Every structure is written in structure tokens, then in C-alpha cells.
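The values are calculated or read from the model by the stated rules, or taken from the named source; none is laboratory data. Keep in mind that what you see is a predicted model, and the values were worked out from it rather than measured. Quick reminder, even Gly has a Cβ in these numbers, built from the backbone with ideal geometry, and neighbours come from all protein chains shown. Each accessible area value is taken on the protein alone, full model and side chains, heavy atoms only, with ligands, DNA and RNA left out. Shrake-Rupley method; radii C 1.70, N 1.55, O 1.52, S 1.80 Å.
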Amino acid sequence: MAPTSDLELVTLAEAARIVGKSPHNIRDYIQRQRIGKYNTQGEQIKRARNGELFVSLKELRIFLALIEQGDAKHHHAGLHPELGFHGLPEYKRTKHVHRLHPYLGKFIPQLVEWFLSRYFKPDDVILDPFMGSGTTLVQGNEMNMHTIGIDISPFNCLIARVKTAKYDVVQARSEILEVEKHVANFSKQLTGSQDVRLPLFPEDKMEELNAGLLAECQGEYLKTWFAPRALLEMLYYRRLIPYYKYQDLLRVVLSRAVRSSRLIPHYDLATPTVPIPIGEKYWCRKHNRYCVPIDNCLVKIHAYSEDTARRLAEFDKLSSDKTVTIVQGDAQEVNLKAELSKTSIADRLVDGIFTSPPYVGQIDYHDQHVYAYELFGLPRQDDLEIGPKKRGKSKQAQKDYIKGIAAVFRNARSMLKQDAKVFVVANDRFQLYPEIAQLSGLRIVEQFHRAVTKRTEQGDDPYQETIFMMVKGSEDKFHGNDNRGSFIPQSSFRIPQSKEVFYGATCWPH
Ligand SMILES: C[S@@+](CC[C@H](N)C(=O)[O-])C[C@H]1O[C@@H](n2cnc3c(N)ncnc32)[C@H](O)[C@@H]1O
């Protein structure tokens, strides 16, 4: 009997028929470890008993799509069979606080866990100089490790702080639900509902209140991308925040709701280009029917309030008391020693780095949360972002990128233990990391290639990324600290010898 599983397990013959290959092809993929073998329980196995060999249709389709995309032969793929996390359901990839706020470009906690559990131990100090929304910090903390995160974007730091903070979860929950209730009442009055049990304002004061709220709204983005009702609801929520203890937590709930309340199609939350006029029907690719853009924020506040409280309580049970340090600043320059001097790990060096830097010309990290910057009046430091989308992928952009990323690792290097391990997750389509490693005084010792099938909000299109494992290189090859920005001439550049985890693995073009 065919097993039931998320992996869509089928026999070899069925797999061959469904994807239009021969059973021999499928066997070949297995032998080359491009797809896994499974038993009737859906467990990955090394040896199959007679008649009990199954393959995952899901894994197979992803693998074939990657071949097609990369215009490569399958024996060049070299994908690590465990690092694809193909069978991992969505709720696990977004477990507890990892889903407190959307963030374009975060990696999954299971990837962090895989490496931290193999190369580090409890009480180690782990640094993520491109912290983003704090995935490494949350996972490291869960695994009893001290964590340090640096990010240039104040809003990303806010998300990471909220995820890793300690709460009185009962109070946090009650604050979230109380604000939700107040905004619901405000909204009822706003829409003229008769069912207002706790009127907050006399009818004639409502107009004055709304005018006051709108006067507090400075941002062009806010004025353009939201329906009037949605705008007033979010501005009212914002006004309540200073009355509570967990203000950043409330900001995150609000920001998540605001993001989903924009006048945008349901299928494009990550990269909308123009707002849809209020009430205008559009063909929704997500729901396969006509939809209209949302006109309020309350529905989303309802959706995320209880959810946030539940997620915090879940993480509260798993989190450890290890130090979490978050530094907002340019990782090329942050003085880590001084930052740590205020913490309980002041005298410690860093055991390792686990990070995913921005990729050249891919994402504008401040811009993706423009609504939050306007809503909370956060300062922006776009100019210090390394490799932003707005600077493109040209040769010059790549040079600047190499310089910036190398400066970050050089800056971190003095805080690394001699035997520290550095893991860098990168979609290195331009093959910049060998040079970055060299300029950083690091040596690539191993490369793991993984298929990425679902990075949050980057669509279902699979692509490949590499996890570079690096160690400190010898001092004489390190053109370090004092010459930030000066380059080793190309002619003297030597690609370090590194071990590819699977034979024949090359960097895959996209
Ligand atoms: C790929 S994201 C990291 C995502 C993270 N791994 C997560 O799971 O959320 C890269 C991050 O690098 C940050 N960044 C860009 N330039 C920086 C700089 N000069 N200093 C510190 N952080 C920077 C961006 O703001 C962005 O949050």
C-alpha cells in the first residue's frame, strides 16, 4: 500500500510514469543522491527492503525543475539530500515567533538548526552580522547558545528584539487583546455600527478625533496605499501604544496587520508596484476569482493579535536564558567588543558565525518595510545597505558588494576564536565568495549546496544556494583591518582549495 505523506511518496514505476522518465532514470537520480529513498512510513532510508522502495514526487519535481532552470545535467547538481527540507510542512518552517512578522529573504530555522547542532555546542557564542529578522538568534537561543545579531535596518532590529525578548506572557497577551478590543470599538463607531457597547467618544467628537489622527499622519506611503478606514484604524492603534508596557510587541502586531491591509492584490504581498483603487475588482491569481482590495485594518488586527500571543507563549517554553545581543548599525564598523562589554559575555570570543548576507542587487531591505518606517517614524539608513536592489547587479555593483561584505567579515574577525567556524548562506550566482573569503582573511573549507524551494514570499520557484563553511586563514594572507576597501589585484587572487560536499558540484547558474 502506498504511504501517505507530505512528500507524495510513490513507487519508482509510478514516479517514472508521472514525470515522463524511465524507471532507470529515477534509479539513477537515487544512486547519485539527487533524490531520497523512503520506506512505507515515509522515513528516509539507506537501504530499501524488497518491494518497499518509495520516492518523493515532490522532491523529484523540484529536482527536475532545478535541472531545467539551471540548464545543467543532473550529475552536476550536487544537492545535499538533507538540506532541501522538502518534506517539512509550512507550520514547522514558521514555528512560534519565526512568523511574528513577514520578511522577504529570511532563511528557515531548520537550516540554522542543522548547522548549529553539528558544529557547535550549548553555551557557545554565535554571531549573525546580517541578522535580518533574527532567525539565527531565535534558533541559537532555543539551542542554549549565546547569540549576537547586527543589522543596519532599525525595523529589522525591532522585529528581532520582539522575537527574542522575555515576556510576562500573560500580561503580553492581555495588552495585545486589550488594544485589539479598543480598536474594534473605535472601528464600530467609525463605520456607524449600532453595536457599540463601550462608546469611546461622543458622536460629535468622532470627527475631531479622526481629523486629529489624520493630522498625525505624515507619510506619503501611508496616505497612498490604504483605504481611509484602514488608515484611521491603524492610526488609532498607534495612538494607544504608548499606554502599554510591551510597546515594540504592539508595534509588530500593528505592522503585520498594516502590511496586509494595503490596497494590493492578495497574490502580491511582497513586491506590489501600484495600489489598486478602492473597491476595484481584480483577477486574483491566489484565489482564482475576482477579489477587491481590503478596505480596513481591523480584520488583520483580529487575525494577528491572538496568533502573536500564542506564538510568544510557545517560544517562551522553548527559549533559554542565554544572552541575546542586538546591535543596530553598519556591520562593517560596529565595535563588537564595546557592544559586548555591556553584556554577561563581555570576556568571551565568538565561536562561530551563521549568517545570510544580502545578495547583490536582490532586495532593498528598508524599502520592503516602508509602511513601518513611516508609521513609527524610524530613521532610515538605506545608504549603508550592502548590495541593495536599487544599485543593481552590474560589475561595479558586484565590486562594491565584495568590498562591503568582506569589510563585515574583517570587522568580525578579531572577535572570532582561532578555531571559529563561519557559515555563510549565499546564492552566489556571480561566484564572488572565494574573493570575499580571501579579502576577509577567511578560508573556504567546505561547500554545501541546497535546493531552495520556498524562501518566505519569494515564490515557489526553486533555486540553489550554497552554504560556505570558512575558517580563519593564515595571518600573512590577510590584507586586513587597516585597509578596508583596498583590493588585492585580480592577478594575485587565488581561489582557495575547498572541499565540495558532493562530487562534481559546481555553482549553478540561475
Ligand atoms: C538576507 S538578509 C538576512 C536574513 C536573516 N537571515 C533572516 O532569517 O531574517 C540580509 C540582512 O543584511 C542587512 N544588511 C545589509 N547591509 C548591512 C550592513 N551594512 N550592516 C548590517 N546589516 C546589513 C539587511 O538589512 C538584511 O536584513
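Under a straight-distance cross-link criterion of Cα-Cα below 27 Å, which lysines are reachable from Lys223, leaving out those fewer than 8 residues away in the same chain?
Counting by Cα, and skipping residues close in sequence, Lys223 has these lysines nearby: Lys181, Lys188, Lys205, Lys281, Lys286, Lys300, Lys389, Lys390.
Could you tell me the center-to-center distance, by alpha carbons, between segment 220-273 and segment 393-456 in angstrom?
35
Can you list residues whose amide H is under 5 Å from Lys37's amide H, if they're 5+ apart or on another chain and H is modeled 1.01 Å from N?
For Lys37, the qualifying residues are Ile45.
Heavy atoms only, probe 1.4 angstrom, no DNA, RNA or ligands counted: give me Tyr38, Tyr243, Tyr167 ranked by accessible area, highest first. Can you show the working numbers first?
Details: Tyr38 10, Tyr243 175, Tyr167 35 Å².
Most to least solvent-accessible, the answer reads Tyr243, Tyr167, Tyr38.
Write down the percent of antiparallel bridges among all DSSP beta bridges whose residues are both part of the chain, to the nearest 5. Numbers along the way, then the final one.
Values: 22 of 40 bridges.
If we restrict to bridges inside the chain, about 55 percent are antiparallel.
For a quick protection proxy, order the peptides 301-314, 435-448, 260-273 by their average other-Cβ count within 10 Å, most packed first. Please list the in-between numbers first.
Values: 301-314: 18.6, 435-448: 22.6, 260-273: 16.8.
So the peptides 301-314, 435-448, 260-273, ranked by packing, come out 435-448, 301-314, 260-273.
Got a number for the accessible area of Asp248? Probe 1.4 Å, square angstrom, nearest 10.
40
Using only Cα atoms and rounding to the nearest 10 degrees, what angle (0 to 90) does helix 228-240 make with the longest principal axis of the chain?
Tilt relative to the chain: about 90 degrees.
Using only the alpha-carbon atoms, how far is helix 395-413 inclined from the longest principal axis of the chain? Give it as 0 to 90 degrees, nearest 10.
The angle comes out near 90 degrees.
Can you give me the solvent accessible area of Ser174 with a 1.4 Å probe, rounded to the nearest 10 Å²?
Surface accessible to solvent at Ser174 totals approximately 60 Å².
Keeping all protein chains in position, work out how much accessible area Lys337 exposes to a 1.4 Å probe, and write it in Å² to the nearest 10.
Accessible area, nearest 10 Å²: 130 Å².
Mean residue ellipticity at 222 nm from the helices of the chain, using -39,500 (n - 2.57) per DSSP H segment of n ≥ 4 over the full residue count, to the nearest 500 deg cm²/dmol?
Working: 17 runs with 193 residues, N = 510.
Estimated from H runs of four or more residues: -11500 deg cm²/dmol.
Got a number for carbon plus sulfur as a percent of the chain's accessible area, 1.4 Å probe? Spell out each step's value before the answer.
Working: 11620 of 23190 Å².
Ligands and nucleic acids excluded, carbon and sulfur give 50 percent.
So what does log10 I(q)/I(0) come out to for the chain at q = 0.06, 0.07, 0.11, 0.13 Å⁻¹, using the Debye formula with one equal point on every Cα and no solvent?
One equal scatterer on each Cα of the chain leads to -0.33, -0.44, -1.04, -1.33.
Could you sort out which of Lys121/Lys403; Lys46/Lys322; Lys92/Lys163 sit more than 27 Å apart by Cα distance in this structure?
On the way: Lys121/Lys403 32 Å; Lys46/Lys322 37 Å; Lys92/Lys163 16 Å.
Violating the 27 Å limit, Cα to Cα: Lys121/Lys403; Lys46/Lys322.
Applying the Karplus parametrisation 6.51 cos²θ - 1.76 cosθ + 1.60 with θ = phi - 60° to the phi angles of segment 327-340, what ³J(HN,Hα) value in whole Hz is obtained for each residue in order, glycine and proline being reported as x?
Running phi through 6.51 cos²θ - 1.76 cosθ + 1.60 with θ = phi - 60° gives 10, 8, x, 7, 5, 6, 10, 3, 8, 5, 4, 5, 5, 6 Hz.
Kindly write out, for segment 351-359 in residue order, the coupling ³J(HN,Hα) from the Karplus curve 6.51 cos²θ - 1.76 cosθ + 1.60 (θ = phi - 60°), rounded to whole Hz, with x marking Gly and Pro.
With coefficients 6.51, -1.76 and 1.60, one gets 7, x, 10, 10, 8, 10, x, x, 9 Hz.
Near the amide H of Thr325, under 5 Å away, which other amide H atoms are found, from residues 5 or more places off or on another chain, if H is placed in the peptide plane?
Placed amide hydrogens put Thr147, Ile148, Gly149 under 5 Å from Thr325.
Go through 368-381, 124-137 and give me the packing order, highest mean Cβ count within 10 Å leading.
On the way: 368-381: 18.4, 124-137: 26.6.
Peptide ranking by packing, descending: 124-137, 368-381.
Explain nothing, just the number: relative contact order of segment 269-308, from Cα pairs under 8 Å at least 6 residues apart, as a whole percent.
On the way: 23 pairs, mean separation 11.6, N = 40.
Reported relative contact order: 29 percent.
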